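Visitor: Following this message is one structure expressed as structure tokens.
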């Protein structure tokens, strides 16, 4: 016997999927990817660096496209073959699958800062 009732949790999740999480996860990844891209540009050409706002547009297109358009295509495909899958569940599934990239990008950013501090102290 477990303390946590898995069937009750799965039943509640099927009834009310959370639609806020995928939006905030994608928004976080858009700005982190754009910031890291601009930071990489800064490191590559230090003298003539300009902030590039188009990196935000590209990152938004990639992350929101993956979260919104791909599940919609799968929804139409599953309806075509006769499977019963809700589009909101697919959106939540693809949105929450991106969560693993947030700790990865934060750890990558911390590594970049640590390396920048080490290399500036060596010179």
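Visitor: Looking at 38, 46, which one is at pLDDT below 90 and surrounded by 13 or more Cβ atoms within 10 Å (Cβ to Cβ)?
Guide: Sole residue among the options that is at pLDDT below 90 and surrounded by 13 or more Cβ atoms within 10 Å (Cβ to Cβ): 38.
Visitor: For residue 18, are the conditions met, namely being loosely packed, with under 11 Cβ neighbours inside 10 Å and modelled with pLDDT under 85?
Guide: Answer is no for this residue.
Visitor: Could you run through the stretch 36-66 and say how many residues are part of a helix (DSSP H, G or I) and either touching a residue at least 12 places away in the same chain (Cβ under 8 Å) or more than 20 Å from residue 115 (Cα to Cα) (or both)?
Guide: So the count comes out to 18.
Visitor: Looking only at the stretch 67-84, filter to residues that are surrounded by 12 or more Cβ atoms within 10 Å (Cβ to Cβ), without any contact (Cβ under 8 Å) to a residue 24 or more places away in the chain and closer than 15 Å to residue 94 by Cα; which one of those is farthest from the chain's Cα centre (by Cα)?
Guide: 75
Visitor: Please identify the pairs in which a residue from the stretch 88-117 that is more than 13 Å from residue 40 (Cα to Cα) has its Cβ atom under 6 Å from the Cβ atom of a residue that is part of a helix (DSSP H, G or I) and modelled with pLDDT under 85, counting only partners at least 6 apart or on another chain.
Guide: Taking only residues 6 or more apart or on different chains, the pairs are 96/21.
The values are calculated or read from the model by the stated rules, or taken from the named source; none is laboratory data. Small disclaimer: the values here were computed from a predicted structure and weren't measured. Here the Cβ is made from the backbone with ideal geometry for all residues, glycine too, and neighbour counts use every protein chain on show.
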